[in-house]
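K.L.:
The structure's right below; bear with me while I get my questions together.
The values are calculated or read from the model by the stated rules, or taken from the named source; none is laboratory data. Please read these numbers as outputs of a predicted model, since none were measured by experiment. Glycine also receives a Cβ, built like all others from the backbone with ideal geometry; neighbour counts cover every protein chain displayed.
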Amino acid sequence: MSRTRITSTVDFEKSGRQTGFLRLPHSVHESAYGFIPIPVVCLKNGSGPTILLNSGNHGDEYEGQVTLMKLIRELKAEQIQGRIIFTPAANFPAALAGRRTSPIDGGNLNRSFPGDPDGTPTKVIAHFIEDVLLPLATYAMDLHSGGSSLMYVPSALGTLHAGEDERNGKTLELLQVFGAPVGFVSRQLMGGDQTLSAAAHRTGVLAIGTEAGGTGTVTPAALRIAEGGVRRVLRHLGIAPDLKTETSPGTRLMEIGGADYFVYTTEGGLFEPLAELGDEVKAGQPAAAIHFQHTPWREAEIVRFERDGMVLCKRIPGRTERGDCLFHLGTDYRN
């Protein structure tokens, strides 16, 4: 049995519909014997696979949170063949604060796996997901977007692993079923081995994710894509076989490679984008101009794309510092 400080008011082996909390003890000045109440929902019925549906990994990424909250209210246990575990606000302190990271410990949940049962709250949450929830699952979906600092072409994403052709084929299949405008893959783990995707791979769980928009807002268009994709995957896997869905509109399979796919700020200043989401760009093409408030007579610094590709992601805030990501590109997937 996993050693964890978190207790669950939900019995994941019990059939039916259960709503409750993952209770993480948190003793602070205002609440000596308090706990952080992380919402959790479990629907279980009959035989079938288990899927973990996760959002709020980053608290300022709202499209996935809204998608899962709406689905939680709609679905009944009788519609399920197998089990769905929902964690719609996984880093609950960050979700309440509307921030990428936790206001309690500064923790970025998606850079905290495999976690630590004796660590700070974010580490404890990561440990519980990897050691308790993922081992219950066959599949996982981790719903992200660009949050407050980035905007994406609404996308689904997965990681391909060398020598795992069968698994890779299933990943590509789920991206096609999800049906976002772009389904992109990486042959290396974005965020390294400290992400939920890496945790899923370590525990033998097939996982895909999303980058369903961003800017710290929710748009009807991005929400339709996220909701439609999740519903199609649940139906395709046989977990919710009668769930109403629209036919997949198809997806453009793309991939992200190494450092040359990313454009970073060279100096701090005001960011003027010279390309937009969805643009096809060429190596050497100007990507951004950086203007200098402290010396406004100085010529702007021009930052250029290092390779050909399509703009999948763009920075949102106008003020930028050296080291901030301004864009990243995708290229068409080649098997």
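K.L.:
Considering only segment 116-129, state which residues are surrounded by fewer than 22 Cβ atoms within 10 Å (Cβ to Cβ) and part of a helix (DSSP H, G or I). Give the derivation first.
P.N.:
In the first step, residues of segment 116-129 are kept if they are surrounded by fewer than 22 Cβ atoms within 10 Å (Cβ to Cβ); the result is 116-120, 123.
Result: Lys123, single match.
K.L.:
Among the residues of segment 104-113, is any in contact with a His (Cβ under 8 Å, 6 or more places away or on another chain) and among the basic types (Lys, Arg)?
P.N.:
no
Listed here are the residues, each with its yes/no results for (1) over 12 Å from Thr265 (Cβ atoms); (2) assigned by TED's automatic domain parsing to the domain that holds Thr266; (3) touching an Asp or Glu at 6+ places or on another chain (Cβ under 9 Å); (4) not acidic (Asp, Glu).
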site	(1), (2), (3), (4)
Ala288	no, yes, yes, yes
Pro296	yes, yes, no, yes
Glu301	no, yes, yes, no
Arg307	yes, yes, yes, yes
Leu312	yes, yes, yes, yes
Ile316	yes, yes, no, yes
Arg322	no, yes, yes, yes
Phe327	no, yes, no, yes
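K.L.:
In addition: Between a residue in segment 156-179 that is free of Cβ contacts under 8 Å to residues at least 24 places away in the same chain and any residue that is of a type outside the set (Val, Ile, Thr) and part of a loop (DSSP other than H, G, I, E, B), which pairs come within a Cβ distance under 7 Å, given they are 6 or more apart or on different chains?
P.N.:
Short answer, once both residue conditions are applied: Asn168/Leu160; Asn168/His161.
K.L.:
Inspect all residues belonging to segment 163-178 and state whether any of them is within 25 Å of Ala97 (Cβ to Cβ) and assigned by TED's automatic domain parsing to the domain that holds Asn54.
P.N.:
First, the residues of segment 163-178 that are within 25 Å of Ala97 (Cβ to Cβ): none.
No, segment 163-178 contains no residue that is within 25 Å of Ala97 (Cβ to Cβ) and assigned by TED's automatic domain parsing to the domain that holds Asn54.
K.L.:
Now a separate question. Output yes when any residue across segment 41-52 is surrounded by 13 or more Cβ atoms within 10 Å (Cβ to Cβ) and touching a Pro at 6+ places or on another chain (Cβ under 6 Å), and no when none is. Write out each step before concluding.
P.N.:
We begin by selecting, within segment 41-52, every residue surrounded by 13 or more Cβ atoms within 10 Å (Cβ to Cβ); these are 41-45, 48-52.
Next, from what is left, pick out any that are touching a Pro at 6+ places or on another chain (Cβ under 6 Å): none.
Within segment 41-52 (the criterion being surrounded by 13 or more Cβ atoms within 10 Å (Cβ to Cβ) and touching a Pro at 6+ places or on another chain (Cβ under 6 Å)), the answer is no, since none of the residues qualifies.
Matching residues to (1) in the same structural domain as Pro93 (by TED's automatic domain parsing); (2) among the small types (Gly, Ala, Ser); (3) touching a helix residue (DSSP H, G or I) at 6+ places or on another chain (Cβ under 8 Å):
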residue	(1), (2), (3)
Gly16	yes, yes, yes
His26	yes, no, yes
Ala32	yes, yes, no
Phe35	yes, no, no
Leu43	yes, no, yes
Gly48	yes, yes, no
Leu53	yes, no, yes
Asn57	yes, no, yes
Asp60	yes, no, yes
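K.L.:
While we're on this one: Do you know which residues across segment 94-106 are buried (at least 19 other Cβ atoms within 10 Å of the Cβ) and closer than 19 Å to Val40 by Cβ?
P.N.:
Answer for segment 94-106, where residues must be buried (at least 19 other Cβ atoms within 10 Å of the Cβ) and closer than 19 Å to Val40 by Cβ: Ala94, Ala95, Ser102.
K.L.:
Which of (1) under 27 Å from Thr331 (Cβ atoms); (2) in contact with a Lys or Arg (Cβ under 9 Å, 6 or more places away or on another chain); (3) buried (at least 23 other Cβ atoms within 10 Å of the Cβ) does Phe113 not meet, given it meets every other one?
P.N.:
Only one criterion in (1) under 27 Å from Thr331 (Cβ atoms); (2) in contact with a Lys or Arg (Cβ under 9 Å, 6 or more places away or on another chain); (3) buried (at least 23 other Cβ atoms within 10 Å of the Cβ) is unmet by Phe113, namely (1).
K.L.:
Another question, if that's okay. Taking segment 162-206, which residues are of a type in the set (Gly, Ala, Ser) and modelled with pLDDT of 95 or more? Reasoning before the result, please.
P.N.:
Taking segment 162-206 first, the residues of a type in the set (Gly, Ala, Ser) are 162-163, 169, 179-180, 183, 186, 191-192, 197-200, 204.
Gly169, Gly179, Ala180, Gly183, Ser197, Ala198, Ala199, Ala200, Gly204 - these are the residues of segment 162-206 that are of a type in the set (Gly, Ala, Ser) and modelled with pLDDT of 95 or more.
K.L.:
Restricting attention to segment 190-238, report how many residues are of a type outside the set (A, V, I, L, M, F, W, C) and touching a Gly at 6+ places or on another chain (Cβ under 8 Å).
P.N.:
Residues of segment 190-238 that are of a type outside the set (A, V, I, L, M, F, W, C), as a first pass: 191-195, 197, 201-204, 209-211, 213-217, 219-220, 224, 227-229, 231-232, 235-236, 238.
In the following step, the residues that additionally are touching a Gly at 6+ places or on another chain (Cβ under 8 Å) were identified as 197, 209-211, 213-216, 219, 228-229, 232, 238.
Residues in segment 190-238 being of a type outside the set (A, V, I, L, M, F, W, C) and touching a Gly at 6+ places or on another chain (Cβ under 8 Å): 13 in total.
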